[in-house]
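Structure first, then comments.
The values are calculated or read from the model by the stated rules, or taken from the named source; none is laboratory data. Everything quoted here is computed from the prediction, not taken from an experiment. Cβ atoms come from the backbone with ideal geometry, glycine included; neighbour counts cover every protein chain shown. Side chains are part of the model used for accessible areas, which takes the heavy atoms of the whole protein and leaves out ligands, DNA and RNA. Shrake-Rupley method; radii C 1.70, N 1.55, O 1.52, S 1.80 Å.
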Amino acid sequence: IALAREAYRRGAEVTLVHGPLNAKPKLPRQMKRVAITSAADMREAMLKRFAEKPEVVIMAAAVADYRPAQVASEKIKKSTGPNSLELISNSDVLVELGELKGKSAAPFLVGFAVETGSQEELIAEVQRKLARKNADLMVGNLAQDSFDKDTNRVCLVRRSGEAVCLETARKSIIARSIFDGIVQAMKETATSPAEMSA
């Protein structure tokens, strides 16, 4: 939400694809919203938007890596339920978008990665994901610093491998810093859109 607000504040035309929200956030009426309920819905919505050739795509959703192989339409009774659940992998939408992007400069593709462990382990994992997913910038954060909080602490990792870690701040401030990083990286690759460089 903070990223969508910041993009809009900078003059971008924003489409926010989001999952279920605990509270209805205040967003500008001009901002397009696409509500989804599953990882499969998110994949479909993002592939559709990607085909519209946006200048920047930011994949910030913390989508589960796995889902149950079978979904029950009714409550599973304790007396008749299974002792274990089979899980299957969800699609990695960022990987798919990176493959579609290929060697093209646009769209500028930003991914997020949440990890546990130390900051050094976070940076190393984010650097691996950056290359594997063909993103232009990855934002890494630690689960203990971000979930269910109004603040966050992130590290921005660029294709060069350079990592810039930000101090803990309100998510609106972090969103501003992330966009500053996006604009700077886009300028360096000579693809900065005019409305975002203002």
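Quick rundown of the values:
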read-out: Output for the range 1-13, where each listed residue is of a type in the set (A, V, I, L, M) and open to solvent by 50 Å² or more (accessible area, probe 1.4 Å); value: Ile1
read-out: Hey, Val154 open to solvent by 40 Å² or more (accessible area, probe 1.4 Å), within 14 Å of the chain's Cα centre (by Cα) and not aromatic (Phe, Trp, Tyr) or not; value: no
read-out: Extreme residue, farthest from Asn134 (Cα to Cα), among residues of the range 14-27 that are surrounded by 14 or more Cβ atoms within 10 Å (Cβ to Cβ) and not small (Gly, Ala, Ser); value: Leu27
read-out: Odd one out for Val110 among (1) within 16 Å of the chain's Cα centre (by Cα); (2) loosely packed, with under 15 Cβ neighbours inside 10 Å; (3) modelled with pLDDT of 85 or more; value: (2)
read-out: The range 113-134, residues that are under 11 Å from the mean Cα position of the chain (by Cα) and either open to solvent by less than 20 Å² (accessible area, probe 1.4 Å) or not β-branched (Val, Ile, Thr) (or both); value: Ala113
read-out: Residues within the range 94-111 that are in a loop (DSSP other than H, G, I, E, B) and more than 15 Å from Ile182 (Cβ to Cβ), tallied; value: 3
read-out: The range 161-176, subset surrounded by fewer than 18 Cβ atoms within 10 Å (Cβ to Cβ) and among the small types (Gly, Ala, Ser), residue nearest to Ala7 (Cα to Cα); value: Ser172
